[in-house]
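All remarks here apply to the structure that follows.
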């Protein structure tokens with residue numbers, strides 16, 4: 001193998017969870033070693049070895065023949081300055097790809113297979129194409145429940161675990177798919193005000209217009225170091241932070257980086273992702289929210305019950321006390337869709353404002369009440385009343401303000417984007433259906449979650465009577481191009497169905 005060296009160059013390119021290297025086509029090592037574009041190479045500096053996908057360039061302003069450029073993701077793994085000399089060699093192909101190929105052919109994998117795959121992924125031995133192959137091979141219904149357990153355990157073991165040294169560490173998670181469903185930002189301060197430990201680490205939006213971290217970021221810092229996270233949770237009994245700064249099930253973050261652009265969200269990956277992250281974060285008691293509705297992720301009750309069994313099977317074998325609530329997913333929760341608008345709804349509920357969205361308030365109280373009933377000193381059935389008293393007394397709002405201050409408060413301005421378009425009813429009737437998927441697409445087209453003031457503000461919900469010309473919702477955007485895209489999408493399909501009251505979809509369940 002070649003021992004020639006190249007000077008390290010930081011290309012300042014964000015490749016998001018993938019190590020990428022850049023080598024000039026006229027580089028002597030490139031010619032001598034027979035490297036090819038998209039092949040994997042090993043970059044070494046003393047004891048540090050980084051695996052990267054090679055890109056070949058012809059522009060010397062990006063990288064010169066005697067240099068090796070590295071993306072931000074890759075460069076940060078070397079504790080050195082630009083100009084350091086590194087050696088470059090061919091990387092050995094990941095041995096675990098054999099297991100992926102076997103899975104593609106329909107074979108069943110064991111724990112050792114999943115351990116090997118997850119270890120290779122977290123060590124950056126897989127390219128994004130190879131990760132995509134793994135996701136497709138294990139997607140939908142191709143994993144049995146034992147394989148799902150193996151995958152969850154392997155993902156959990158891929159990183160660090162937090163030990164809070166307490167017998168009861170609570171958490172909640174919604175499987176997603178319902179716009180505006182910002183219950184965590186209400187559940188955490190209610191439960192923390194009760195005195196229970198609830199360190200809520202959340203992801204950013206994958207395919208939705210906002211995640212909990214995106215919305216909480218309107219109020220305070222969410223990028224906390226593990227040390228900050230510990231200090232805040234010990235002091236305030238809770239937090240609402242982004243989980244990406246801690247090395248908790250890091251293979252999950254790398255899988256999500258590929259799932260996001262492909263819009264892959266399989267049932268098996270969903271269960272493994274949620275449970276590995278929660279266990280790594282130190283949770284002992286977890287409440288899962290599965291919304292059911294015609295345009296939710298889960299559209300039929302039988303699917304929800306099957307998913308609940310999967311969660312319970314894996315959770316039980318990993319010593320996690322887990323309960324599942326099946327909730328009404330027929331329409332968006334609250335009025336706002338998008339970080340600023342959702343944060344507005346949350347604050348209205350916390351402040352007991354009479355104009356606060358009642359559906360968001362009630363759902364949050366039921367979820368918080370169920371978590372409070374994890375407390376051995378609380379009798380079953382008392383949780384909702386305790387949660388309501390904490391909210392109505394102002395203790396939840398006070399606790400939220402304490403968490404915001406502890407995480408690093410920001411000047412709060414929840415004004416939506418200045419570009420505004422009103423979508424109106426085309427005829428008289430009752431709102432009988434609201435398409436969650438379409439409303440989420442419109443909000444994303446408007447710029448959410450990257451543009452935090454973009455989104456959709458709902459004025460009419462299920463059962464609302466409307467006259468022709470009444471405003472159904474407002475689209476808010478910050479940039480003209482996003483604004484045009486969102487308006488055009490709404491013009492094609494506004495996401496609302498109007499009819500008679502007899503046509504109103506009944507909830508598949510109730511609290």
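Observations
- Scope segment 423-446; condition touching a strand residue (DSSP E or B) at 6+ places or on another chain (Cβ under 8 Å) and either without any contact (Cβ under 8 Å) to a residue 40 or more places away in the chain or not in a loop (DSSP other than H, G, I, E, B) (or both); matching residues: 423, 424, 429, 430, 431, 432, 433, 434, 439, 440, 442, 443
- Considering segment 165-193, the residues that are out of contact with any helix residue (DSSP H, G or I) (no Cβ under 7 Å at 6 or more places or on another chain) and within 30 Å of residue 260 (Cβ to Cβ) include one that is surrounded by the most Cβ atoms within 10 Å (Cβ to Cβ), namely 188.
- Enumeration of residues in segment 458-482 that are buried (at least 21 other Cβ atoms within 10 Å of the Cβ) and either closer than 17 Å to residue 332 by Cα or assigned by TED's automatic domain parsing to the domain that holds residue 358 (or both): 458, 472, 473, 475, 476
- Tally, over segment 28-58, of residues that are in a loop (DSSP other than H, G, I, E, B), farther than 17 Å from residue 74 by Cβ and modelled with pLDDT under 95: 2
- No other residue among 117, 131, 162, 190 is in contact (Cβ under 8 Å) with a residue 24 or more places away in the chain and within 19 Å of the chain's Cα centre (by Cα) apart from 131.
- Answer from 195, 177 - the residue that is at positive phi, in the same structural domain as residue 402 (by TED's automatic domain parsing) and modelled with pLDDT of 95 or more: 195
- Condition check for residue 67: more than 29 Å from residue 252 (Cα to Cα), touching a residue at least 24 places away in the same chain (Cβ under 8 Å) and not assigned by TED's automatic domain parsing to the domain that holds residue 255: yes
- Members of segment 294-329 that are surrounded by fewer than 23 Cβ atoms within 10 Å (Cβ to Cβ) and in a loop (DSSP other than H, G, I, E, B): 294, 295, 299, 300, 318, 319, 320
- Some residue of segment 334-352 being without any contact (Cβ under 8 Å) to a residue 60 or more places away in the chain, assigned to a helix (DSSP H, G or I) and more than 20 Å from the chain's Cα centre (by Cα): yes
- Picking from residues in segment 486-511 that are closer than 24 Å to residue 362 by Cβ and exposed (fewer than 11 other Cβ atoms within 10 Å of the Cβ), the one that is modelled with the highest pLDDT is 501.
- Residue list for segment 97-138, filter: in a loop (DSSP other than H, G, I, E, B) and either surrounded by fewer than 14 Cβ atoms within 10 Å (Cβ to Cβ) or not assigned by TED's automatic domain parsing to the domain that holds residue 148 (or both): 105, 106, 107, 108, 110
- Candidate set: segment 483-504, residues that are free of Cβ contacts under 8 Å to residues at least 60 places away in the same chain and assigned to a helix (DSSP H, G or I); chosen: the one farthest from residue 331 (Cα to Cα): 484
Matching residues to (1) closer than 26 Å to residue 286 by Cβ; (2) free of Cβ contacts under 8 Å to residues at least 24 places away in the same chain:
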| residue | (1), (2) |
| --- | --- |
| 80 | no, no |
| 105 | no, yes |
| 138 | yes, no |
| 144 | yes, no |
| 150 | yes, no |
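- Checking residue 254 against (1) buried (at least 23 other Cβ atoms within 10 Å of the Cβ); (2) not assigned by TED's automatic domain parsing to the domain that holds residue 284, the condition it does not meet: (1)
- Residues being outside the structural domain of residue 197 (by TED's automatic domain parsing) and on the phi > 0 side of the Ramachandran plot are represented in segment 259-277 by at least one member.
The values are calculated or read from the model by the stated rules, or taken from the named source; none is laboratory data. Computed from a predicted model, the values in this text were never measured in an experiment. Heads up, the Cβs are rebuilt from the backbone with ideal geometry, glycines too, and the neighbour counts pull from every protein chain shown.
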